[in-house]
Amino acid sequence: FNSTDTPKPLVIVTPSRTSHFQATIYRARKHGIQIRTRSGGHDYEGLSYVAKVPFVVVDLVNFRSVDVDAENRVAWVQAGAILGEVYYRIAEKSRTLAFAGGIYHTIGVGGYIRGGGFGLLFRKYGTGGDNVIDTQFIDVNGRILDRKSMGEDMFWAIRGGGGGSFGIVLAWKLILVPVPATVTAFSFSRTLEQNATQLILQWQDIAHQLPNEMNPDVTMFSINSTQDGRKTILPSFSSLFLGTIDELLPIMQQRFPQLGLSRQDCIEMSWIESILYYNQLQNQPLEILLNRTFRTPVGGQYYKIKSDYVKEPISETALNDFKTALSSWLIAESWIGFLRRQHHSRIEPAYANYRDLDIGSNNVGITSYTQASVGGRKYFKNNFDRLVQVKTKIDPENSFKHEQSIPPFL
């Protein structure tokens, strides 16, 4: 909002009770003003706090209680809480329970679950949305609905159908899943001279066959070479494992000996400490997870996120092209331009929490089925039409909308 050309909200509402939501929805409908709902503020295209039409921001910063019932392995979490608050409150009650949430602790629970929600426990326990068993939701008419009163279609839609289309989630009832007292993380790099390309090719064939207790990942970084100053590629292999080093090493030695994973590459910790580890906050007190404004290592920078789902292994030729693009700014710039012009016309489903207006955007103030389906089908494939049916039932006048919202049938 410091930028003079950024559209400003008419008002920012910070509700502390449900009647504040009801009053805001009523007044916004009466005056034809759009509502943008913000929980953590991590919307990659800024749609949770910026609009090109008159709008208000409903900021859930005061709606953030976390009530943990460790005995029954559930928690009621208000939608304005951040994931760090959830993890911290769970750890207060138990070090062997967790929520299958995301890595970065400042992400808001409300938007995270509404976009599906991938995280370190995805392969073992599914998405964040899979681990919700009830909700408190306010619709366009100000009704407070739970799972039973809204029906299963609506309950399905708000756990992965994206935020800002159906109404405002006030709270989620979460399943807490068991984790061992000790988990293990590893992260190490291999240079191209250390046969990194072949390791990546092998990793693609092996990673999905590893136990569900693992969350295997490979990331390629472009760095400056210490020898001649030119850019080079440094692949990094990492995973969290729900178990000890002694349990992990035999698995990797049997399944992927080429990687050469050793005890020195691994570190044991508790589950809650793994959240600090992946946020690069090792040796910090757990209370840092309660800090909503803490900047992650990329905090304060502007960047663009794009996602794609790869259904077949990336070939060696494609990997080499990718490395060439990453190792040169000039090539990378033209390569990104190529992506925007052509690649997204044939993209596989994208991830709704990696909001990307390049794959499709509604006209300002107008949400047509035809136009919305361009991006909608890339996010939701055949589920898009089912989401439209839910939208038509819950919000037929399309009061909750944005540049990539689900439209009603008109």
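The values are calculated or read from the model by the stated rules, or taken from the named source; none is laboratory data. Nothing here was measured: the structure is a model prediction, and the numbers come from that model. Methodologically, a virtual Cβ is constructed for each residue, glycine included, from the backbone with ideal geometry; neighbour enumeration extends over all protein chains shown. For accessibility, only protein heavy atoms count, side chains too; no ligands or nucleic acids. Shrake-Rupley method; radii C 1.70, N 1.55, O 1.52, S 1.80 Å.
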Would segment 205-212 turn up any residue that is closer than 28 Å to T96 by Cα, at pLDDT 95 or above and part of a helix (DSSP H, G or I)? no
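Got a sec? Which strands (runs of 3 or more DSSP E) wholly within segment 6-123 have at least 2 residues that are under 20 Å from P178 (Cα atoms) and open to solvent by less than 50 Å² (accessible area, probe 1.4 Å)?
Working: elements: 11-13, 34-38, 55-59, 66-69, 74-78.
Strands (runs of 3 or more DSSP E) meeting the threshold: 66-69, 74-78.
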Among residues belonging to segment 124-166 that are in a helix (DSSP H, G or I) and among the acidic types (D, E), point out the one that is nearest to N72 (Cα to Cα). D130
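A quick yes/no check of all residues on (1) of a type in the set (A, V, I, L, M); (2) modelled with pLDDT under 95; (3) touching a helix residue (DSSP H, G or I) at 6+ places or on another chain (Cβ under 8 Å):
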{"site": "N2", "(1), (2), (3)": "no, yes, no"}
{"site": "Y26", "(1), (2), (3)": "no, no, no"}
{"site": "G41", "(1), (2), (3)": "no, yes, no"}
{"site": "G46", "(1), (2), (3)": "no, yes, no"}
{"site": "I82", "(1), (2), (3)": "yes, no, yes"}
{"site": "Y88", "(1), (2), (3)": "no, no, yes"}
If we scan segment 131-149, do we find a residue that is of a type in the set (F, W, Y) and open to solvent by 10 Å² or more (accessible area, probe 1.4 Å)? no
Check on Q34, in contact with a Phe, Trp or Tyr (Cβ under 6 Å, 6 or more places away or on another chain), under 15 Å from A171 (Cα atoms) and touching a residue at least 12 places away in the same chain (Cβ under 8 Å): no
Has segment 214-227 got any residue that is surrounded by 15 or more Cβ atoms within 10 Å (Cβ to Cβ), at pLDDT 95 or above, in the same structural domain as I314 (by the TED database) and assigned to a helix (DSSP H, G or I)? no
Take the residues of segment 157-204 that are at pLDDT 95 or above and of a type in the set (K, R): which is farthest from A98 (Cα to Cα)? R159
Is it true that G164 is open to solvent by 20 Å² or more (accessible area, probe 1.4 Å) and at positive phi? yes
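Please tell me if D246 is open to solvent by 10 Å² or more (accessible area, probe 1.4 Å), touching a helix residue (DSSP H, G or I) at 6+ places or on another chain (Cβ under 7 Å) and modelled with pLDDT of 95 or more.
Numbers: open to solvent by 10 Å² or more (accessible area, probe 1.4 Å): yes; touching a helix residue (DSSP H, G or I) at 6+ places or on another chain (Cβ under 7 Å): no; modelled with pLDDT of 95 or more: yes.
It is false that D246 is open to solvent by 10 Å² or more (accessible area, probe 1.4 Å), touching a helix residue (DSSP H, G or I) at 6+ places or on another chain (Cβ under 7 Å) and modelled with pLDDT of 95 or more.
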For segment 368-402, name all the residues that are in contact (Cβ under 8 Å) with a residue 60 or more places away in the chain, open to solvent by 30 Å² or more (accessible area, probe 1.4 Å) and in contact with an Asp or Glu (Cβ under 9 Å, 6 or more places away or on another chain). R386, Q389, K393, K401
Give me the pairs: first residue in segment 1-27 and under 21 Å from A81 (Cβ atoms), second residue assigned to a helix (DSSP H, G or I) and at pLDDT 95 or above, beta-carbon distance under 7 Å, and six or more apart or on different chains, which are they? V13/H20; V13/T24; P15/F21
Name the residues in segment 167-200 that are open to solvent by 10 Å² or more (accessible area, probe 1.4 Å), hydrophobic (A, V, I, L, M, F, W, C) and in a strand (DSSP E or B), would you? I175, F188
